[in-house]
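What follows is a short report on a single structure.
A short reminder: the numbers here are calculations on the coordinates, not readings from a lab. Fair warning: this is a prediction, and the values are worked out from it, not measured in the lab. Cβ atoms come from the backbone with ideal geometry, glycine included; neighbour counts cover every protein chain shown.
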Amino acid sequence: MAGAAAPQLLLSDIDEPGLATREVYERRGGYGSLRRALAMTPEEVLAELEASGLRGRGGAGFAMGKKVSFLPKGSMDKYLVCNADESEPGTFKDRELMGKNPHLLIEGIIIASYAAGAGRSFIYIRGEYVMQADVLDSALAEAREAGYIGQDILGSGHSLSLVVHRGAGAYICGEETGLLDSLEGKRGNPRLKPPFPANQGLYQGPTLINNVETLSTVPAIMRLGGAEYAKLGVATSTGTKLVSVSGHVRRPGNYEIELGIPAREIIYGLAGGPPEGRRVKCWFPGGSSSPVLTAADLDIPYDFDSLAKAGSMLGSGAIIVVDEDTPILDVAMKTAKFYRHESCGKCTPCREGTNWTVRMLERIDSGEATPMDLEIMASVQEHIIGNCLCVLGDAMAMPIGSMIAKFREEFEGHIERARLGRGPGEDGGGPPTERGGA
Amino acid sequence: MSPLGWDAPADLEKDPAPIPGADTPVPESLRAEIEAHMANYPDRRSATLPALEAAQRLHGWCSPEAIEQVAAVMRLTPAYLESVASFYDMLETSPVGRHSVYVCTNISCSLRGADELYEAVLEAAGGDPDINVRAFECLGACDIAPMASVDGVYVGPLSPSDAPGLIEDIRAGRAIAPEKQLARRLVADPRANSREFPEHAAEPPRRAG
């Protein structure tokens, strides 16, 4: 598996001029999978999705086919919501798919809605993606005109409406229940689960929520067949995955890989590794919410279970590489400040925990901290995890906890140097900072 | 201006504002746009974000007047709309410049010099009340880091020396740094998506197993 070029299911024609138009998309075989799916029964489509082993690409990695099967049968109003609120720091794969190949997503949504029996669908796209939302809107108009969206699609009896809904800038709206509240016109506060959205989601109805990349993969599954798709990747992480590589690498960008290749091949092979003469200090394997790994972990196979076993997670597939010249305190501070800003404030451990973590990091930098503060900070992280309605707090606690565990000596050195009065305002007490990329 | 109830006490003697009456003057184009959004959803309340966004586009920020107009069309209380507007980063609850420059200062961008870029943009804008310069959380364009979103157009990678030109482009009403716009970027280096990558990595790739 490793070595051979990964099949490009999502990115194959991505830079083709005009791919965002229906004409070019159809010339490339587009909407063929939809016709194939509509010729089958919804149960058969669902069976293909389950056979593919496709796991959600948004962060949690839950089996998509299983999620569809959780929706109750019957003729009540059911909804499909595409989560396009891509806000996880380091992630920019959905932006690429929506901006360049919008019809692929629309086709995936129609097929998934057919399998789930959903009659109304929404794409919740983050408000910052202005251009991508416009591209989706015009693609949607084309799809409507061609009869792919609307009543009795291609004579199948299945009807579907689709609305592109623009968010207004809130990380928490990427959390599925926060997203639903936001889509209902409220503040994006996460809800208590259960009930899960599959039973009670949008407007209290059964709702299927999937990430852009997950839904964009559905047409390829219908084309290849679920069993054939499952042969890609490794047993528990099937298929290909878009990986967004950023930070200290020579060629940041989106790469489509087969799950299970060594992380080294992605970071050094595809993205070119850190600039000349620098080495990897640590890397986030799945967005800023994932516990950091170090240079010693570069040979871990990049798939859901291998990363979980290594104490981290695949998350959204965003690799952020940090080189050795960057103080770990800077990385921790950026991470913690982000979550403090984005915490919705509903649950105390998250609201207070993110705030106090930032304050304690600032104490370290200003020379007011003692090594005991590291213990307190680590215990704050432990008390956040699992104690809130959603995982935003955990998303800060996990990487910060891992940084304290893996770079304790550096933190202690920083505390000591700052305390001895090299002081704040000069260089913050850390080693000299060499910023800037290749 | 700080929101009432936080830094300044709320006036508890005052009755909450009711839903504004049908006689509230609302510009025809705004009313039509909000009504079109409401028609998209089974529940009209779902149109809150698009409606506030439309009102902000017209008024420059979610001013009391803008809120009242949205409330009148959507039949919601102003307090409800204010509570929603205050939750979202892109809805402004105090007056700001017409042009927005969001500089991403999250991890990936800051590893590549976003903090310096932000300072440079602030300095280039020189406090111009017409330009709203903000440090923003991850904008989802780490491949062109460090970057900024200028009136919704993504540009990058930028260096601090690009800042004056950026502000010039905004003031002149020109296309923003056309050669650096994200729309022009191919998905990745064409060589990068093949396995024939040049051997100039700092460490040669090793293969496990």
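What is the Cα centroid distance between region A:315-340 and region A:1-74, reported in whole angstrom?
32
Once Lys and Arg get +1 and Asp and Glu get -1 on their Cβ, which of B:Ile144, B:Pro42, B:Pro129 lies farthest toward the positive end of the dipole of chain B?
B:Ile144
Going by Cα centres, region A:257-299 and region B:66-133 are how many Å apart?
Cα centres, region A:257-299 to region B:66-133: 34 Å.
Using the beta-carbon distance between A:Ala5 and B:Leu186 and R0 = 22 Å, what value does 1/(1 + (r/R0)^6) give for FRET efficiency, to the nearest 0.05?
0.80
Under a Cβ-only charge scheme (Lys and Arg +1, Asp and Glu -1), can you give me the dipole magnitude of region A:256-350 about the Cα centre, in debye to the nearest 20?
Charge dipole, region A:256-350, about its Cα centre: 520 debye, nearest 20.
For labels at B:Ser83 and B:Arg57 in the simple 7 Å Cα→Cβ model, what's the distance in nm?
2.7
Would you mind counting up the charge near A:Tyr339? Only other residues with Cβ under 13 Å from its Cβ, with Lys and Arg at +1 and Asp and Glu at -1.
Local charge sum for A:Tyr339: -2.
Work out the mean other chain Cβ neighbour count within 10 Å for the residues of A:70-76 and drop it here as an integer. Don't skip to the end; give the middle numbers.
Numbers: counts 0, 0, 0, 0, 0, 0, 0.
Across A:70-76, the average partner-chain Cβ count within 10 Å equals 0.
Going highest first, how would you order A:86-94, A:185-193, A:152-160 by mean Cβ packing within 10 Å?
Result, highest mean Cβ count within 10 Å first: A:86-94, A:185-193, A:152-160.
Determine, for B:Cys138, A:Cys344, A:Cys173, the number of other Cβ atoms within 10 Å of each Cβ, and report the residues in order from fewest to most.
Fewest-to-most ranking of B:Cys138, A:Cys344, A:Cys173: A:Cys344, B:Cys138, A:Cys173.
Cut-off 11 Å, label point 7 angstrom out along Cα-to-Cβ of B:Thr24: give me the residues of region B:64-103 whose amide nitrogen falls inside.
Residues B:64-82 fall inside that zone.
Can you give the mean number of other chain Cβ atoms that lie within 10 Å of the Cβ atoms in peptide A:241-248? Can you show the working numbers first?
Numbers: counts 0, 1, 0, 5, 5, 11, 8, 3.
Averaged over the peptide's residues, the number is 4.
Based on Cβ point charges of +1 for Lys and Arg and -1 for Asp and Glu, what charge dipole magnitude is obtained for the protein assembly as shown about its Cα centre, in debye rounded to the nearest 20?
1500
As an exercise, use a Förster radius of 25 Å and the Cβ-Cβ distance of A:Met76 and B:Glu35 to find the FRET efficiency, rounded to the nearest 0.05.
0.35
Longer than 22 Å from Cα to Cα, which of A:Lys186/A:Lys337; A:Lys186/B:Lys14; A:Lys66/A:Lys241; A:Lys309/A:Lys337 are they? Say none if no pair is. Don't jump to the answer; show the numbers that get you there.
Details: A:Lys186/A:Lys337 25 Å; A:Lys186/B:Lys14 25 Å; A:Lys66/A:Lys241 19 Å; A:Lys309/A:Lys337 28 Å.
Pairs exceeding 22 Å: A:Lys186/A:Lys337; A:Lys186/B:Lys14; A:Lys309/A:Lys337.
Please give, to one decimal in nm, the separation of the simple spin-label points placed at A:Arg223 and B:Glu65, each 7 Å out from Cα toward the Cβ.
Here the answer is 5.3 nm between the modelled labels.
When the convex hull of the Cα atoms of region A:234-323 is projected onto a plane and the area is averaged over all directions, what value comes out in nm²?
In nm², the orientation-averaged hull projection of region A:234-323 is 4.8.
Across all directions of projection, what mean area in square nanometres is found for the Cα convex hull of the protein assembly as shown?
The number I arrive at for the protein assembly as shown is 28.8 nm².
I'd like the Kirkwood hydrodynamic radius of region A:327-407, using the inverse of the mean 1/r over distinct C-alpha pairs, in Å.
12.3
Angle between the Cα long axis of helix A:408-417 and the longest principal axis of chain A, 0 to 90 degrees, nearest 10?
Computed tilt is about 50 degrees.
So how tilted is helix A:348-366 from the main axis of chain A? Cα-based, degrees 0 to 90, rounded to 10.
The helix A:348-366 is inclined about 40 degrees to chain A.
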